[in-house]
Amino acid sequence: MKYISTRGNAPVLSFEEAMLAGLARDGGLYVPETIPQMATADITAMEGLSYEEIALRVIKPFVGQSFSEAELIDSISLAYAGFGHSSRAPLVQLGPNHHLLELFHGPTLAFKDFAMQLIGQLFQRALKRRGEKVTIVGATSGDTGSAAIEAFKGLDTANVFILFPKGRVSEVQRRQMTTPKETNVNAIAMEGTFDTCQAMLKDMFNDFEFRDGVRLAGVNSINWARVLAQVVYYFSAAVALGASRQKVSFTVPTGNFGDIFAGYIAKRMGLPIDRLIIAANHNNILHRAITTGRYDTSTVTPTITPSMDIQVSSNFERALFEAYDRDGETVTKLMCELKKGGFGIDKKALLSLQNDFDSGWATEESTRMTIKQIYDSNSEVLCPHSAVGVKVANENLGHTPMITLATAHPAKFPDAVKASMGKLPKLPIGLADLFDRPERLTDMPDDLPLMKSLIWERIKL
């Protein structure tokens, strides 16, 4: 299995090489040269398997010769051993045809753990084999950062720097990044928004002298391995609802498009998915792009769903690449236009996107109302992002079973949840003392040379 760039002008890489590279050298994102197919019999054969067993069957065809089956089995087992639920991603029924997929039973209580815990294992294995050490730099709107720090803390093959927008993540999210004691992980509070952090990350990757000097690697959802790991829970959830005999639909709260793109890959592999529905918040650039054909950025408005306070959705580039029949030259032009504020999607490509994705969005008020309604009717406490998903899903319920992704534990957003339902969600036992732990972080302006200097000072290659 080989991997190509969405911009068509970077070396073709193996799975391991694409994973360690993160961003392609032409600025594009890596995607598989071909998408492996699963027959109905293959999907039926997953019934009754554990999450880890399904993960092996989904991931193995994408890996090629990079990791042996034994290495994959071991990495997958270690990745999910610390999850707090035996099913890893259990389904909870909300209504006759509506289920919630709980993706918050990992160590940092968010769906990002599914990918990050596995990537941590695969990185460690690959780098040990190569005798190398890397510098991982990531940008986060909240959950990616804590998941990355948790997965890589204490590993001797990586130094980690996580950039997050100062004052724009919840206190629980911040403390999950700033309280680990391991010195190989660094939390950086940046002035600006998530888009500011993400832009700086891409600028570092595009400075090849710096990139090669510090051996830069990325674990944001620009990294294909992140997307691949998330494909698994679409299969596990659909199979649990009898996907070999009926179609299912998914509603996905998303800002950076990575989570729902994983669903698209699952569908392309042969999983019988009817609809993939984007659930957006007030910063609804993906909804606007899908419905109007214009991708125009605007000022980010802070909301109670900070992980979706985004205007530049990196993974949308992968969807555009597919919608434009894998025309890297056109994607490159669109991404250049994006730097100037936006671009138009031509009619054929827009129809392709609309065939693959539906969308909706939720106001702040409707998000709060949904948290209260679901608690009153189901005794289920939703995080604000999951509430956005449920609100949009409820507007799209039909005869096909609907699965809404619950992306984080409500305890990660205590203030928003309390304001919505009148009581604080409880922190799980493992995080009960989170607010008593000392914090360690660095404040930084939006200054690329200063950031690069900081990284050079702290790395130990």
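Each value in this text was obtained by applying a stated rule to the coordinates, not by laboratory testing. Just so it is clear, the structure is predicted and the values come from calculations on it, not from any experiment. Don't worry about glycine lacking a Cβ; one is built from the backbone with ideal geometry, like all the others, and counts go over all protein chains shown.
A few remarks follow.
- Using the Cβ of LYS267 as centre and a radius below 15 Å, the other residues enclosed give a net charge of -2, where K and R count +1 and D and E count -1.
- Long-range amide H partners of HIS98 with built H, under 5 Å: MET402
- Of LYS372/LYS426; LYS2/LYS112; LYS133/LYS181; LYS247/LYS391; LYS166/LYS372, pairs whose Cα-Cα distance is over 18 Å: LYS2/LYS112; LYS133/LYS181; LYS247/LYS391; LYS166/LYS372
- Shape call, the chain: gyration tensor on alpha carbons, a/c limit 1.5: rounded
- Magnitude of the charge dipole, the stretch 401-446, Cβ model with Lys/Arg +1 and Asp/Glu -1, debye to 20: 320 debye
- Magnitude of the charge dipole for the stretch 44-122, about its Cα centre and with charges confined to Cβ atoms of Lys, Arg (+1) and Asp, Glu (-1), is about 180 debye.
- Rough spin-label spacing in nm, given labels placed 7 Å along Cα→Cβ, for VAL12 and LEU241: 3.8 nm
- The stretch 282-327, relative contact order [Cα under 8 Å, separation at least 6], %: 33 percent
- A cut-off under 12 angstrom between Cβ atoms defines the neighbours of ILE310, and their net charge, with Lys, Arg +1 and Asp, Glu -1, is -1.
- Each Lys or Arg adds one and each Asp or Glu takes one away; over the other residues whose Cβ falls under 15 Å from the Cβ of SER87, this sums to -4.
- Descending by average beta-carbon neighbour count within 10 Å, the peptides 100-111, 416-427 line up as 100-111, 416-427, the highest first.
- Each 5 Å bin from 0 upward holds the following percent of the Cα-Cα pairs of the stretch 189-267: 3, 13, 18, 17, 14, 12, 9, 7, 5, 3, 0.
- 25 Å tail of the calculated P(r), the stretch 1-153, as % of Cα pairs: 38 percent
- In sequence order, calculated HN-Hα J values of the stretch 253-270 (Karplus, 6.51, -1.76, 1.60; Hz; x Gly/Pro): x, 8, x, 9, 6, x, 5, 6, 5, 4, x, 4, 5, 4, 5, 5, 6, x
- Annotation: the antiparallel percentage among DSSP beta bridges lying fully within the stretch 222-363 is about 25.
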